[in-house]
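This report refers to the structure that appears directly beneath it.
Please treat every number below as a calculation from the coordinates, not as lab data. Please read these numbers as outputs of a predicted model, since none were measured by experiment. Glycine gets a Cβ as well: all are built from the backbone with ideal geometry, and neighbour counts include every protein chain shown.
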Ligand SMILES: [Zn+2]
C-alpha cells in the first residue's frame, strides 16, 4: 500500500521504506507522518540494559526513535536471559551495551545507538543526560534512581520511571513541571533492607510489562500526545493481575523540585538514603 497520495504536498523526509515500516503509526491521527518524523528526530536515554531496559530498547527502536542512548556497565550473564530479551545466548560475556546496539541494528537501520559502557554516577550523569529528549530509568538500585531524578530535573528532561520486585512493579512519569521521584519517595530504604533480583528472584515476564509501560510513556512524551503518568504512580501486581493507581503531589519542601531547590547535585551523596545534605549514610550501594 502507498501513502503517497495522502502525503502529497507535505514536506516530509520519510522515504518509501520508512512510509512502509511505520505505516501503522502513520495512519493513526495521533501520530501521523509528522509524529513519526518527530520520533525519528528524537532521542531517548535508557539507563540500564537489563530486565526493564530490554523491552524499552526493543520498542523504542521498533518505533523509530532516532537516537537511543544505552547506559550500562555490566556484561550479559546466562541468568539474565530469562527476562532480558534483547540479549541472546551468544552474547553471554559481552557488554550489555554492545549486545543492545547489535539488537537494534538488526531491528531497525533508522536508529542510532549511543553506548555508555559505564555506571551512571555523580561525575558523569549530567554530561550523559545532556541533549536527550527523555530519560527512561530502567536501573535496579536506589542511588541511580535518585541520581537520574535529580540530574534530569535540573536539565529539564522528563523521566519515565519503572521498578520491579518479584511479582510486582511500579511506574510513574516525572515531567519537568510535575512532582519528582523525591516527592514520591523522600528517602531510599536503608541499604540492605530491599534485596535485589539475584537474592529474591523475579518472574521473567514482569519487567516486560513494566518496561512496556515505560516505553509507552516515553513515546507519548516524544509525541506530546495523551496524558503522562505524572503525579500518579501505577502499581502492578502480576499474581493478582491488578493495576492500582495512587496520586501524589509536589512536596513544597522537596530539595529538587520544591520552592527552594538546589541548583546542582554537588552536595548530594548518592549512597545509602540518597538524602540531600550532609547526613548521607555509609557508602553502601543498594544494588
Ligand atoms: Zn520533588
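Between segment 86-150 and segment 234-267, what is the C-alpha centre distance in whole Å? Here the two parts' Cα centres lie 23 Å apart.
Rounded, prolate or oblate: which one fits segment 100-226, using the alpha carbon gyration tensor with axes a ≥ b ≥ c (rounded when a/c is under 1.5, else prolate when a/b beats b/c, else oblate)? Since a/c stays below 1.5, the shape of segment 100-226 is classed as rounded. Residues considered: 43, 99, 23. Largest GNM mean-square fluctuation over the chain, using C-alpha springs under 10 Å, is found at 23. How far, in degrees from 0 to 90, does helix 206-223 lean away from the longest principal axis of the Cα atoms of the chain, to the nearest 10? Here the helix axis deviates by roughly 60 degrees.
The angle separating the long axis of helix 142-155 from the principal Cα axis of greatest extent in the chain is about 60 degrees.
Dividing the alpha-carbon Rg of segment 182-263 by 2.2 N^0.38 Å yields what?
Rounded to two decimals, the normalised Rg is 1.35.
Working from label points 7 Å from Cα in the Cα-to-Cβ sense, the residue 260 to residue 167 distance is 4.7 nm. Prolate is the label for segment 1-143, because a/c, from the alpha-carbon gyration tensor with a ≥ b ≥ c as root eigenvalues, is 1.5 or above and a/b exceeds b/c. Normalising by residue count, segment 55-105 has a Cα convex hull of 67 Å³ per residue. The mean sequence distance of close C-alpha pairs (under 8 Å, at least 6 residues apart), as a share of the length of the chain, puts its relative contact order at 17 percent. For the chain, the longest principal axis of the C-alpha atoms and the axis of helix 53-63 are separated by about 20°. For the chain, count all C-alpha to C-alpha pairs, find those more than 28 Å apart, and express that count as a whole percent of the total. Every Cα pair in the chain considered, those over 28 Å come to 37 percent. Summed over qualifying helices (DSSP H, 4 residues or more, each -39500 (n - 2.57)) and divided by its residue number, the chain shows a 222 nm mean residue ellipticity of -9000 deg cm²/dmol. Ranked by the mean number of other Cβ atoms within 10 Å of their residues, highest first, the peptides 156-167, 239-250, 212-223 fall in the order 212-223, 156-167, 239-250. Remark: the Cα gyration tensor places segment 71-140 in the oblate category, a/c being 1.5 or greater and a/b not exceeding b/c.
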